[in-house]
Each structure stands twice: as structure tokens, then as C-alpha cells.
Amino acid sequence: MKLVLASKNAKKLVEMNTILSQLGIEVCSEAEAGVDIDVEETGTTFEENSLLKAQAVMQASGMPAIADDSGLCVDALQGAPGVYSARYGGEGLDDVGRYRLLLENMEGQSPRTAKFVSVITCCFPNGDVISARGECPGTITYAPFGEGGFGYDPVFFLPGLKKTMAQLTPEEKNAVSHRGQALEAFKVKLEEYLSK
Ligand code: IMP
């Protein structure tokens, strides 16, 4: 079976193929499926946004489509930046600007606990939907550490590993990350669905 990934992110395509190829599933890009869709993420939950993206690409391509929506939820900031993680601080900021803003907003705050969340949704042309959620708990550092990963990785500390997400190899990150866990849970649900 072939699924289209509702994203332009080449790294996500590789990650999804690595795990789903174990089920004999191939995940292709929007370009390979002949679609180019920019979905407005108007939802207020990760579930809503991943459904919006997967549904739009499924409808445009006529193929089953898979999407992931993810972000960082910080307890002392009442779950912010959450679904707005990619847009935190507005359009003018890059990844470094966004995590600096987060560190500023965390000054004097406690606790510093947070979690990364990822929700993966697959929409089929017959109306069926499969969805899975993964979470990775950690704390927000006082300064950035590490060069790997992307986004908020340099300021997200994993107490169990005593490293930030940006200090992990891609393999180590996949083993603990929200997206890795959501993908594993999704794989189990998809396997169940396909065996019915
Ligand atoms: P999206 O799911 O591609 O819309 O990503 C949402 C945003 O959440 C990203 O732009 C990052 O800022 C943040 N984010 C999601 N996953 C990660 C991660 O694994 N590490 C660091 N930041 C992440």
C-alpha cells in the first residue's frame, strides 16, 4: 500500500518510511502524488490540525494520506506554545529566535516541566480515519545546549538521558521522541486495520 505524506518536510518522509516500510507500506511525497497543498492549520488541537492536513491531501490526491502535527507544551505557560509552536512570536522569528523567546518567557517561572506532542492521522478515501498520539516529557533548560535536531531541541532537556534533545543522535532521538512514539503506536493501529 502507498500513502501520501501531507507535508513538504523531507526529514519526516524519511522517518515515516523507516518505520512504516516494516509493514510493506511506502510513503510518498505530495509531489510524487501530483498534489501541492498548503493547508491552513486552523485547529486548536494537534488532533484537529493533523486531521485537517491528512483530509485535504487525501481529497486532492484520491490516495490514503498521512499527516503529523506536533509541538511543545510548557506547563508554566499553560500549554503554550502548543499548536502554535511553529508560529511562536510571529512570522519574523526562526528556530533560534523562537527558543530564545521561550527562554525569556520562562524567566522566573516554575515548574520548568514540558512535553513534546505528536499526533499522526491517516485518512482513507472510504472515510476511515486512524490516529495515534505520542508524548515525550522533559524540562526547559536555562540556556541552549547541542547542535542536532531542530526547533526547540536545544532547550528541551531529557532528565533520564541527562541531555537535551539536540545532544542526541537521530537514532537516539527517534527512540524517545514524541514523533517516534506516535509512529510506533500508529504502526500498531495500521497493522490491526489492514488485517481486518
Ligand atoms: P509541525 O508539526 O511540522 O507543524 O511542527 C510544529 C513545530 O513544533 C515545529 O516547527 C517546531 O517548532 C516544533 N517541534 C515539533 N517537533 C519538534 C521536535 O522534534 N523538536 C523540536 N521542535 C519540534
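Of note:
- For region 38-65, the set of residues classified as of a type in the set (A, V, I, L, M, F, W, C), more than 13 Å from the ligand (Cβ to nearest atom) and not in a helix (DSSP H, G or I) consists of 63, 65, listed by residue number.
- Residue match in region 136-148 (condition: more than 13 Å from the chain's Cα centre (by Cα), farther than 17 Å from residue 119 by Cα and part of a helix (DSSP H, G or I)): no
- Remark: pairs (first residue in region 67-86, more than 29 Å from residue 30 (Cα to Cα); second residue of a type in the set (Ser, Thr, Tyr) and surrounded by fewer than 17 Cβ atoms within 10 Å (Cβ to Cβ); Cβ separation under 6 Å; 6+ apart in sequence or on different chains) = 75/113.
- Complete set of residues in region 136-173 that are open to solvent by 40 Å² or more (accessible area, probe 1.4 Å), in contact with a Ser or Thr (Cβ under 8 Å, 6 or more places away or on another chain) and closer than 21 Å to residue 69 by Cβ: 137
- Of the residues making up region 33-51, those that are open to solvent by 50 Å² or more (accessible area, probe 1.4 Å), closer than 17 Å to residue 122 by Cβ and out of contact with any Gly (no Cβ under 9 Å at 6 or more places or on another chain) are 47, 48.
- Residues that are open to solvent by less than 80 Å² (accessible area, probe 1.4 Å) and among the hydroxyl-bearing types (Ser, Thr, Tyr) within region 177-196 comprise 177, 193, listed in sequence order.
The values are calculated or read from the model by the stated rules, or taken from the named source; none is laboratory data. These numbers come from a predicted model, not from an experiment. Quick reminder, even Gly has a Cβ in these numbers, built from the backbone with ideal geometry, and neighbours come from all protein chains shown. Heads up: the accessible areas ignore ligands, DNA and RNA and are worked out on the full protein's heavy atoms, side chains in. Shrake-Rupley method; radii C 1.70, N 1.55, O 1.52, S 1.80 Å.
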